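Enquirer: Below is one structure. I have some questions about it.
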Amino acid sequence: MPSNKYPRLTAAVTGCLALTTGLTACGGSSNAADSKGAEKVVTVYSADGLKGDKGDGWYDKVFAAFTKKTGIEVKYVEGGSGEMVQRAVREKSNTQADVLITLPPFIQQADGKGLLQAYKPQGSDQVKGGDKATDGKWTSVVNNYFGFVHNKKELPEAPKTWEELLDGRFKGKLQYSTPGVAGDGTAVLIKAMHDFGGKEPAMEYLKKLQANNVGPSSSTSKLAPKTDKGELLVANGDVQMNFAQSKSMPNLGIWFPAKDGGKPTSFALPYAAGLVDKAPHTENGKKLLDYLLSEDAQKLVSEVGGGFPARSDVKPTDANAVELTKLMTGVEIFEPDWADIDKNLTAYVDAWKSATGS
């Protein structure tokens, strides 16, 4: 998630004009063009983590293959999950995005705001029930889990508990992304409320943790490089993004906090994709969603993206898949009540702001 005010705009295949000129300047968009199949473009609004900084991420590989196969150019806008939903809301009267991909609970939030239309991509029958909406409004395309990172050089042994993070050695060396803005930042609240047994004890802990926290960050992806360099000792993240980053960041280690006396925990935090309502290129959006769930694309999820396939019938055996399985061994996976979180997210974020003075 970029640290600047506006999300980063890139073109996955060819160049594109700056944000201030608008997405239509990248080749125009109109429902008429889409209905005639004349405009070979699809615009994706996505949470960060799947596109590589060096053009070597899952999105990079899959978008290029999709364009080669269909001739449809992918235009890509990246930001925090909440940021992408907010942008799509602002554009409802002049829809720009065709496909929206965010972490939960923001995909549910997008649905609740009327941003998504029902479409069940080819291959979605192989996605487990909890990883897709029953009405077809969204489907996970890459499975993932919430986690934390630490600097393996300065902190060879990862902390084991939340309570350890209150130690003075972490003052100014710990940071997590902003709840309500970043999907992984919101995940900090979700995990804390689970591990500590409710909102009040979680907020009481996060209030104490604020003494060591560097401060807000709209970008989770920016925290890993800071941790690798030793500017931070500990930060939040997610397994897929951090595992991919660790290939070029040798000091980055992934870990899962436990409450003192408990087991390390995590929960599924998938990249969930939906077709935008009144999308300017609906048919192209459908084709892209089909391709993201194709066996060819899903087989690259672990090998290239460092994540977990959304399709249960795709079982990779590459080195990354083996390492990821080992990483998750012994971690207790819980299932959040997403309906409750979607309904009460604003209240939870407000409680966090009050507790931390943010």
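Enquirer: Most exposed first by the Cβ proxy, i.e. fewest other Cβ within 10 Å, how do Glu164, Glu295 rank?
Expert: The most exposed by this proxy come first: Glu295, Glu164.
Enquirer: Ok, one more. Quick one: if the Förster radius is 22 Å, what FRET efficiency do Lys171 and Lys353 give, using the C-beta to C-beta distance and rounding to 0.05?
Expert: That pair, Lys171 with Lys353, gives E of 0.55.
Enquirer: Got a sec? Charge dipole of segment 79-181, +1 on Cβ for Lys and Arg, -1 for Asp and Glu; which of Val149, Gly130, Ser177 is way out at the positive end?
Expert: Ser177
Enquirer: Tell me, His194, His150, His281 in order of fewest to most beta-carbon neighbours within 10 Å?
Expert: Listed from fewest to most nearby Cβ atoms, that is His194, His150, His281.
Enquirer: Just need the relative contact order of segment 167-267 here, percent rounded to a whole number, with Cα pairs under 8 Å and 6+ apart.
Expert: 32 percent
Enquirer: Let me ask you something else. Take every Cα pair under 8 Å in segment 265-327 that's 6+ residues apart, average their separations, divide by the length, and report that relative contact order as a whole percent.
Expert: Reported as a whole number, the value is 20 percent.
Enquirer: Further question on the same structure: Give the Rg (one decimal place) followed by the Dmax (whole number) of segment 35-118, computed from C-alpha coordinates and expressed in Å.
Expert: Cα only, segment 35-118: 13.5, 35 Å (Rg, Dmax).
Enquirer: With +1 on each Lys and Arg Cβ and -1 on each Asp and Glu Cβ, and nothing else charged, work out how big the dipole of segment 46-141 is about its Cα centre, in Debye to the nearest 20. Walk me through the intermediate numbers first.
Expert: Numbers: 14 positive and 13 negative charges, 37 e Å.
With Lys and Arg at +1 and Asp and Glu at -1, about 180 debye.
Enquirer: Can you work out the Karplus-derived ³J(HN,Hα) for every residue in segment 118-132? Use 6.51 cos²θ - 1.76 cosθ + 1.60 with θ = phi - 60°, whole Hz, and x for glycine or proline.
Expert: Once rounded to whole Hz, the list reads 5, 7, 9, x, 4, x, 5, 5, 8, 8, 4, x, x, 9, 7.
Enquirer: Something else now. Taking the alpha-carbon distance from Lys299 and a cut-off under 12 Å, which aspartates and glutamates remain once sequence neighbours fewer than 8 residues away in the same chain are dropped?
Expert: Those aspartates and glutamates meeting the cut-off are Asp313, Asp318.
Enquirer: Something else about it: Got a sec? How would Met249, Met193, Met84 order by Cβ neighbour count within 10 Å, fewest to most?
Expert: So the ranking, lowest neighbour count to highest, is Met249, Met193, Met84.
Enquirer: Taking springs between alpha-carbon atoms closer than 10 angstrom, which of Val89, Val188, Val276 fluctuates most in the Gaussian network model of the chain?
Expert: Maximum fluctuation in the GNM of the chain, among the listed residues, is at Val89.
Enquirer: By its C-alpha gyration tensor, with a ≥ b ≥ c as the square roots of the eigenvalues, how is segment 137-265 shaped: rounded for a/c under 1.5, else prolate for a/b larger than b/c, else oblate?
Expert: On the way: a/c = 1.44, a/b = 1.03, b/c = 1.39.
In terms of gyration-tensor shape, rounded.
Enquirer: Between Ser248 and Thr161, what FRET efficiency comes out of the Förster formula 1/(1 + (r/R0)^6) with R0 = 22 Å and r the beta carbon distance, rounded to 0.05?
Expert: After rounding to 0.05, the efficiency reads 0.15.
Enquirer: Can you tell me the dipole magnitude for the chain around its Cα centre, using point charges on the Cβ only (Lys, Arg +1; Asp, Glu -1), in Debye to the nearest 20?
Expert: It comes to approximately 640 debye.
Enquirer: Where nothing but the Cβ of Lys and Arg (+1) and of Asp and Glu (-1) is charged, how large is the charge dipole of segment 102-261 around its Cα centre, in debye to the nearest 20?
Expert: Around 300 debye, computed over segment 102-261.
Enquirer: Over segment 102-238, what is the percentage of antiparallel beta bridges among all DSSP beta bridges, to the nearest 5?
Expert: Antiparallel bridges make up about 65 percent of those DSSP assigns within segment 102-238.
Read-outs throughout are calculated quantities, based only on the coordinates presented, and are distinct from any laboratory measurement. Just so you know, these numbers come straight off a predicted model, no measurement behind them. Heads up, the Cβs are rebuilt from the backbone with ideal geometry, glycines too, and the neighbour counts pull from every protein chain shown.
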